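A.B. asks: Below is a structure I'd like to ask you about.
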Amino acid sequence: MNVLNLDAWQTFVSARWQYLFCQLMLALLFLSPETPVFAAPAGQDNAVREMVSGIISYTRWPALNGKPTLCIFSSSAYVSALQKGDTDALPYLPVAVQNEQEALTARCDALYFGLEPPERQQEIIQRLAPRPMLTLAEQNPDCATGSAFCLQFHPQRVTFSVNLDALSRSGVRVNPDVLMLARNKKHE
């Protein structure tokens with residue numbers, strides 16, 4: 001009888017430790033600053049960097065000499081991808097920002113939003129006005145408010161849509177060929 005109780009006790013303790021271990025691992029995952037909670041799917045890093053680089057390279061600012069400064073909100077799953085590699089080869093200067101105040105200080109020419117909802121994107125954009133500003137977002141599927149360019153993530157590709165109203169108020173000019181890509185299904 002004592003052996004049976006000992007086995008039951010060991011099973012209970014083992015299950016309890018497993019539960020506590022899982023809780024601890026989840027807490028560490030969500031609290032770790034180096035590990036994004038919503039990590040980017042493998043293989044899309046390059047696609048996002050190329051898409052953003054392409055859009056920026058076909059954008060013109062009215063009084064910009066040199067590369068534009070791209071401020072990337074730290075909530076983005078692609079912060080490291082957009083900063084990775086030889087910065088001389090990128091058509092922008094990447095700067096990671098934690099919040100709107102850091103974006104103001106960094107004198108951003110372009111903003112890349114991560115988890116900020118479209119309404120919050122709109123608030124930040126309005127506070128940074130009248131500075132000419134290209135805006136891109138990864139969490140804006142409708143692309144009706146907020147950013148001018150909204151990335152769309154699919155299992156095998158990354159596409160984008162354009163909010164023409166936001167783009168017209170942005171103060172920047174984008175090559176019409178880029179805008180046609182948003183309408184053309186062949187770029188997908």
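The values are calculated or read from the model by the stated rules, or taken from the named source; none is laboratory data. A quick note: this is a predicted structure, and the numbers were derived from the prediction, not measured. Glycine gets a Cβ as well: all are built from the backbone with ideal geometry, and neighbour counts include every protein chain shown.
A.B. asks: From Gln156, Gln139, Gln83, Gln152, grab the single residue that is at pLDDT below 90 and under 17 Å from Ala47 (Cα atoms). Let's see the steps before the verdict.
C.D. replies: Details: Gln139 fails: at pLDDT below 90; Gln83 fails: at pLDDT below 90; Gln152 fails: at pLDDT below 90.
From the options Gln156, Gln139, Gln83, Gln152, the qualifying one is Gln156.
A.B. asks: Scan the stretch 40-79 for residues that are farther than 20 Å from Ala182 by Cβ, under 14 Å from the mean Cα position of the chain (by Cα) and free of Cβ contacts under 8 Å to residues at least 40 places away in the same chain and jot them down.
C.D. replies: Correct list: Asp45, Asn46.
A.B. asks: Among the residues of the stretch 110-122, how many are within 14 Å of Arg169 (Cα to Cα) and of a type outside the set (S, T, N, Q)?
C.D. replies: Residues that pass the stated criteria total 1.
A.B. asks: Look through the stretch 69-89, keep the residues that are part of a loop (DSSP other than H, G, I, E, B) and aliphatic (A, V, I, L, M), and return whichever of them is surrounded by the most Cβ atoms within 10 Å (Cβ to Cβ).
C.D. replies: To start, the set of residues in the stretch 69-89 that are part of a loop (DSSP other than H, G, I, E, B) comprises 74-78, 84-89.
From the residues that got through so far, the ones that are aliphatic (A, V, I, L, M) too are 77, 89.
On the way: Ala77: 20, Ala89: 7.
This residue is Ala77.
A.B. asks: Any residue that is surrounded by fewer than 16 Cβ atoms within 10 Å (Cβ to Cβ) and modelled with pLDDT under 75 - is there at least one of those in the stretch 43-59?
C.D. replies: yes
A.B. asks: Identify the single condition in (1) more than 25 Å from Gln98 (Cα to Cα); (2) surrounded by 21 or more Cβ atoms within 10 Å (Cβ to Cβ); (3) acidic (Asp, Glu) that Asp165 does not satisfy, given that it satisfies every other one.
C.D. replies: The single condition Asp165 does not satisfy is (2).
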